[in-house]
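**Q** Sharing a structure below in C-alpha cells format, with a few things to ask.
Read-outs: derived from the displayed coordinates by stated rules, not from any lab. Since the model is a prediction, treat every value here as computed from it, not as a measurement. In this analysis, Cβ positions are derived from the backbone assuming ideal geometry, glycine residues included, and neighbour counts consider all displayed protein chains.
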Amino acid sequence: MSRIGKLPIQIPQGVDVGISKNEIKVKGPKGELFRKIHPNMKVEIMDTVVVISRPNDSKLNKSLHGLTRSLINNMVIGVTKSYKKILQIQGVGYRSMLSGKNLTLHLGYSKPVEYPASKGIEFEVTKKNEIIVKGINKEKVGRVAAEIRGLRPPEPYKGKGIRYENETIIKKSGKSAVGAKQ
C-alpha cells in the first residue's frame, strides 16, 4: 500500500469537497478549484475525511494512488491557506514594480520586462528587490515563479539575477593570473 496514498485527508471547517465521476471540486474561503482525476482511482468522502483507494496493485495504480492523494490535499490546503513563493532580485539597477496587476521588471535589458498576472495569481512587491507570488493553485504559483526566475536566472560569477528566497548560488571564481606569462 502506498504510504502517502493511504493517508486520509482531513476536511477543515468551511471547506466543501464534491465528487462527480472523475472530477473533484474543492470550495473554501479563498476560492474554488477543480481537477480531473484518473478513472482508476476511487475517491470517497466519509464524514470529515477524504479517502483514496486503488482497484489493484499494478504499477500504474500504485503511482497514481499517492499522486491523487497529494493533488487533492494541495487543493484543500490551497483553498484554506493559499500558497506563496518569494523571489529576490539581486544586481545593480535591477528592480521590480507593480503596474496595475502586472509586474514590471528592470533586469538590465534595454527595455523593462512586463509580466502579466494570470487568472488566480497575485503579485506583491514588498521592497524593490522582493516579489511575492500568491495563489490558491500550488502548480500555478510554482510555474509563474519559475517563469519569472527564468527571465534572468542567477549567474554563477557575481550572483546577479532572480532567485528563490532560500536558494544558494555557488559562485565560480573568475579568471586567475596563475599561468600568465610576464
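**Q** Ignoring the sites themselves, what is the longest stretch of the chain with no GluC sites (Glu not before Pro) in a DSSP loop and at most 13 other beta-carbon atoms within 10 Å?
**A** Details: sites that count: Glu165, Glu167.
Answer - 1-164.
**Q** At most 13 other C-beta atoms within 10 Å and a DSSP loop state: those are the exposed chymotrypsin sites (Phe, Trp or Tyr not before Pro) I care about. Give me the longest piece of the chain that has none.
**A** On the way: sites that count: Tyr109, Tyr157.
It works out to 1-108.
**Q** Could you tell me what % of all Cα pairs in region 83-164 have separations over 17 Å?
**A** Working: 1305 of 3321 pairs.
That tail contains 39 percent of the Cα-Cα pairs.
**Q** Moving to a separate point now. Looking at region 9-80, how many pairs of lysines come closer than 27 Å at the Cα, when each pair is eight or more places apart or spans two chains?
**A** 16
**Q** For the chain, how big is the tail of P(r) above 19 Å, as a whole percent of Cα pairs? Don't jump to the answer; show the numbers that get you there.
**A** Numbers: 10879 of 16471 pairs.
The proportion of pairs with Cα distances above 19 Å equals 66 percent.
**Q** State, as an integer percentage, the relative contact order of region 9-80 based on alpha-carbon contacts under 8 Å between residues 6 or more apart. Don't skip to the end; give the middle numbers.
**A** Working: 108 pairs, mean separation 23.4, N = 72.
This gives 33 percent for region 9-80.
**Q** Another one. Is there a quick way to get the dipole size of the chain? I mean about its Cα centre, with the Cβ of Lys and Arg at +1 and of Asp and Glu at -1; what is the value in debye to the nearest 20?
**A** Details: 35 positive and 15 negative charges, 143 e Å.
Once rounded to the nearest 20, the dipole reads 680 debye.
**Q** Please determine, in degrees from 0 to 90 and to the nearest 10, the orientation of helix 59-80 with respect to the longest principal axis defined by the Cα atoms of the chain, where the helix direction is its Cα long axis.
**A** For helix 59-80, the angle is close to 80 degrees.
**Q** Show me the trypsin sites (Lys or Arg not before Pro) within region 90-154 that DSSP assigns to loop and that have at most 16 other Cβ atoms within 10 Å of their Cβ.
**A** On the way: sites: Arg95, Lys101, Lys119, Lys127, Lys128, Lys134, Lys138, Lys140, Arg143, Arg149; in loops: Lys101, Lys119, Lys128.
The qualifying sites are Lys101, Lys119, Lys128.
**Q** Residue by residue through region 138-153, what is 3J(HN,Hα) from phi via Karplus (6.51 cos²θ - 1.76 cosθ + 1.60, θ = phi - 60°)? Round to whole Hz and write x for glycine and proline.
**A** The phi angles translate into 4, 5, 5, 4, x, 5, 5, 4, 5, 5, 5, 4, x, 5, 7, x Hz.
**Q** Stick to the Cα atoms of region 9-80, pair each with every other, and give me the Kirkwood hydrodynamic radius in Å at one decimal. Don't jump to the answer; show the numbers that get you there.
**A** Details: mean 1/r = 0.0809 Å⁻¹.
One over the average 1/r among Cα pairs gives 12.4 Å for region 9-80.
**Q** For region 1-131, what does the relative contact order come out to in percent, with C-alpha contacts under 8 Å and a separation of six or more?
**A** Working: 207 pairs, mean separation 26.2, N = 131.
About 20 percent, as a whole number.
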